[in-house]
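Undergrad: The structure that follows is given in the form of structure tokens.
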Ligand code: G3H
Ligand code: 13P
Ligand code: ZN
């Protein structure tokens, strides 16, 4: 059923586990993720970035999600990283998403608070849940010095004031992850002490972005299939578990699904060069997405919680 993420995240908050939020932009990704959610009896968040909406159109994506949500597991439909205020407002007014993220992380604190507050007021009138972001999600390795790094990560001292000023329902935090397949030069490093301080400062569910792990088995298989992702590296399962233990309740994953989809596609296209039927290479891509999402649901602790 299509639901607000409010209850699923409140349950996760109480139970110290996390709900997986997976980026979608086509039919096969939705089907692959939903198959995993059904098999694992897990609540799930399907989310569209501004880029996904540009690519496929919100009406198409929403229609696919609405059919998918007929499954017997709770499904939330979320706008990921709404940076353009006009677009976020128009998505709220359209009312197809059950939640939106307003990403004001590039703005200074007062402007981020003000803009987020205005979005929250509009969204709450329509019973739409709002995720906000404080701090900038970029990799620890992106910064030359510790002080430069700390200036970009979420400041625990600002958290209570930001949540109070904005009235946001969930908060995305910057603790050292980054988007994409190249997060760390060496092994993964998250600022878990900072996360615990943030958790102590607020009761709203916390969101971890940039959480793909680039699992070794998948990376090897992808390289074998011809992808040049030798330097890719993500957040280790150990760090994900520690982040959940420290209070993360929503975990965003896109990159690992992209790697899975592309890997299976490359394999299928290379194996049968006579094939011209898209279903013959899209079905294995969809299946590999299911495998990856099932692993995430078990890791995040949301398996069995539907
Ligand atoms: O957070 C970013 C997501 O991976 C979406 O990426 O903007 O390329 O669709 P995208
Ligand atoms: P990854 O690039 O690590 O999958 O992160 C996705 C994300 O945070 C979407 O908002
Ligand atoms: Zn993100």
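Undergrad: I'd like the residue in region 162-180 that is in contact (Cβ under 8 Å) with a residue 24 or more places away in the chain and surrounded by fewer than 19 Cβ atoms within 10 Å (Cβ to Cβ) and, out of all such residues, is farthest from residue 234 (Cα to Cα). It would help to see each step written out before you state the result.
TA: Start the filter on region 162-180 by keeping residues that are in contact (Cβ under 8 Å) with a residue 24 or more places away in the chain, which leaves 162-163, 165-180.
Now narrow it down to the ones that are surrounded by fewer than 19 Cβ atoms within 10 Å (Cβ to Cβ): 165, 167, 179-180.
On the way: 165: 33, 167: 32, 179: 9, 180: 8 Å.
The extreme case among them is 165.
Undergrad: Moving to a separate point now. Here's a check for you: in region 60-83, which residue that is closer than 22 Å to residue 251 by Cα and assigned to a loop (DSSP other than H, G, I, E, B) is nearest to ligand 2 (Cβ to nearest atom)?
TA: Here the answer is 83.
Undergrad: Here are some residues: 147, 113, 105. Which one is part of a loop (DSSP other than H, G, I, E, B) and either within 16 Å of ligand 3 (Cβ to nearest atom) or more than 18 Å from the chain's Cα centre (by Cα) (or both)?
TA: Working: 147 fails: part of a loop (DSSP other than H, G, I, E, B); 113 fails: part of a loop (DSSP other than H, G, I, E, B).
105 is the lone residue from the list that is part of a loop (DSSP other than H, G, I, E, B) and either within 16 Å of ligand 3 (Cβ to nearest atom) or more than 18 Å from the chain's Cα centre (by Cα) (or both).
Undergrad: So, one more: Give region 244-280 a look and list any residue that's away from ligand 2 (no atom under 11 Å from the Cβ), buried (at least 23 other Cβ atoms within 10 Å of the Cβ) and within 22 Å of residue 12 (Cβ to Cβ), or say none.
TA: If the condition is that a residue be away from ligand 2 (no atom under 11 Å from the Cβ), buried (at least 23 other Cβ atoms within 10 Å of the Cβ) and within 22 Å of residue 12 (Cβ to Cβ), then 248, 249 are the ones that fit.
Undergrad: Also, I was wondering about something else. Got a number for residues in region 123-144 being buried (at least 19 other Cβ atoms within 10 Å of the Cβ), in a loop (DSSP other than H, G, I, E, B) and modelled with pLDDT of 95 or more? If you could, list the steps in order and put the result at the bottom.
TA: Within region 123-144, the subset buried (at least 19 other Cβ atoms within 10 Å of the Cβ) is 123, 128-135, 137-140.
Adding the requirement that they be in a loop (DSSP other than H, G, I, E, B) leaves 128, 135, 137-139.
Now narrow it down to the ones that are modelled with pLDDT of 95 or more: 128, 135.
Residues in region 123-144 being buried (at least 19 other Cβ atoms within 10 Å of the Cβ), in a loop (DSSP other than H, G, I, E, B) and modelled with pLDDT of 95 or more: 2 in total.
Undergrad: What number of residues within region 206-232 satisfy the criterion of being under 17 Å from the mean Cα position of the chain (by Cα) and crowded, with 21+ Cβ neighbours inside 10 Å?
TA: Narrowing region 206-232 to residues under 17 Å from the mean Cα position of the chain (by Cα): 206-215.
Checking which are crowded, with 21+ Cβ neighbours inside 10 Å leaves us with 206-214.
Looking only at that region, the number is 9.
Undergrad: Then there is this: What's the number of the only condition in (1) closer than 23 Å to residue 118 by Cα; (2) within 16 Å of ligand 3 (Cβ to nearest atom); (3) out of contact with any helix residue (DSSP H, G or I) (no Cβ under 7 Å at 6 or more places or on another chain); (4) outside any strand (DSSP E or B) that residue 168 fails to meet?
TA: (3)
Undergrad: Can you tell me which of (1) closer than 25 Å to residue 220 by Cα; (2) surrounded by fewer than 20 Cβ atoms within 10 Å (Cβ to Cβ); (3) more than 16 Å from ligand 3 (Cβ to nearest atom) is the one residue 286 doesn't meet?
TA: Evaluating residue 286 over (1) closer than 25 Å to residue 220 by Cα; (2) surrounded by fewer than 20 Cβ atoms within 10 Å (Cβ to Cβ); (3) more than 16 Å from ligand 3 (Cβ to nearest atom) leaves (2) as the failure.
Undergrad: So, one more: Going through 37, 21 one at a time, which residue ends up being touching a strand residue (DSSP E or B) at 6+ places or on another chain (Cβ under 7 Å) and either modelled with pLDDT under 95 or within 15 Å of ligand 1 (Cβ to nearest atom) (or both)?
TA: On the way: 37 fails: either modelled with pLDDT under 95 or within 15 Å of ligand 1 (Cβ to nearest atom) (or both).
Answer to the check: 21.
Undergrad: Another question, if that's okay. Taking residue 227 and the conditions (1) within 16 Å of ligand 1 (Cβ to nearest atom); (2) in a loop (DSSP other than H, G, I, E, B), which numbered condition does it fall short on, given that it satisfies the others?
TA: Failing condition for residue 227: (1).
Undergrad: Go through region 39-54 and report how many residues are out of contact with any helix residue (DSSP H, G or I) (no Cβ under 9 Å at 6 or more places or on another chain) and either over 19 Å from residue 292 (Cβ atoms) or part of a helix (DSSP H, G or I) (or both).
TA: 2
Undergrad: Right, something else. Before we move on, is residue 263 within 16 Å of ligand 3 (Cβ to nearest atom) and within 24 Å of residue 34 (Cα to Cα)? Steps first, please.
TA: Details: within 16 Å of ligand 3 (Cβ to nearest atom): no; within 24 Å of residue 34 (Cα to Cα): yes.
Against the criterion (within 16 Å of ligand 3 (Cβ to nearest atom) and within 24 Å of residue 34 (Cα to Cα)), residue 263 does not qualify.
Undergrad: Considering only region 233-276, state which residues are under 22 Å from the mean Cα position of the chain (by Cα) and assigned to a loop (DSSP other than H, G, I, E, B).
TA: Selection gives 234, 235, 236, 246, 247, 254.
The values are calculated or read from the model by the stated rules, or taken from the named source; none is laboratory data. None of the values given here were measured: they were computed from a predicted structure. Neighbour counts run over all protein chains shown; Cβ positions are idealised from the backbone, glycine included.
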